[in-house]
Amino acid sequence: MIDTKDILYKYFELHEKPSSIAKELNVVPSYVTKVVQKDDRYNEEKEYRLNLSKEKRKKDKRDWIRNKRQNDANKELYEFVKMQHVQAAKDLSYSPTLSDWAFKKWNTSAYHTNRKGDLVLNRNLNATYDVAKKLNTHITIPTQKYKKQYYFSV
């Protein structure tokens, strides 16, 4: 014979589910539920479990939203890095030689701006002859009407 006190203790004190209690005592879950419903504490326990479930759902929803936002941010970052990679590949493979602008772009710390606004190679760097020592940023390309672009020369 199954002791109902044991079922009541596990349900009300340990807050176990009827299915786990039934499995442990080798009885049918409906029997456990029937025993528990006859107790006076059943409605209070039911309310407690309902509130607990609501809180868990709120927490899970917050976590899901946070994870979704993080995944979206990661996707945006991935797309940005991918776009930068494509642009870098275009810049570096446009011609067999690297342009002055591309060199400056990939070595930003190698240049500084002088009083005239031109980009000048830092003096403490030992650079080969084909590295531009000075890049003039004030010569506009006359063939481009609508886009303002600058021509960089030595």
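Some observations on this one:
- Filter result for W101 (touching a Leu at 6+ places or on another chain (Cβ under 9 Å) and in contact (Cβ under 8 Å) with a residue 40 or more places away in the chain): yes
- Within region 66-124, being outside any helix (DSSP H, G or I), among the β-branched types (V, I, T) and exposed (fewer than 13 other Cβ atoms within 10 Å of the Cβ) holds for T97, T113.
- When the helices (runs of 4 or more DSSP H) confined to region 1-57 are screened for residues that are touching a Pro at 6+ places or on another chain (Cβ under 8 Å), those reaching at least 2 such residues are found at 18-25, 29-37.
- Hey, K23 closer than 16 Å to I2 by Cα and out of contact with any Phe, Trp or Tyr (no Cβ under 7 Å at 6 or more places or on another chain) or not: yes
- Of everything listed in (1) farther than 12 Å from I7 by Cβ; (2) surrounded by 10 or more Cβ atoms within 10 Å (Cβ to Cβ); (3) at pLDDT below 95; (4) of a type outside the set (A, V, I, L, M), the single unmet condition for D39 is (1).
- In this structure, D63 does satisfy being surrounded by fewer than 11 Cβ atoms within 10 Å (Cβ to Cβ) and either in contact with a Pro (Cβ under 9 Å, 6 or more places away or on another chain) or charged (D, E, K, R) (or both).
The values are calculated or read from the model by the stated rules, or taken from the named source; none is laboratory data. Treat the numbers as computed from the prediction; the structure is a model and nothing was measured. Quick reminder, even Gly has a Cβ in these numbers, built from the backbone with ideal geometry, and neighbours come from all protein chains shown.
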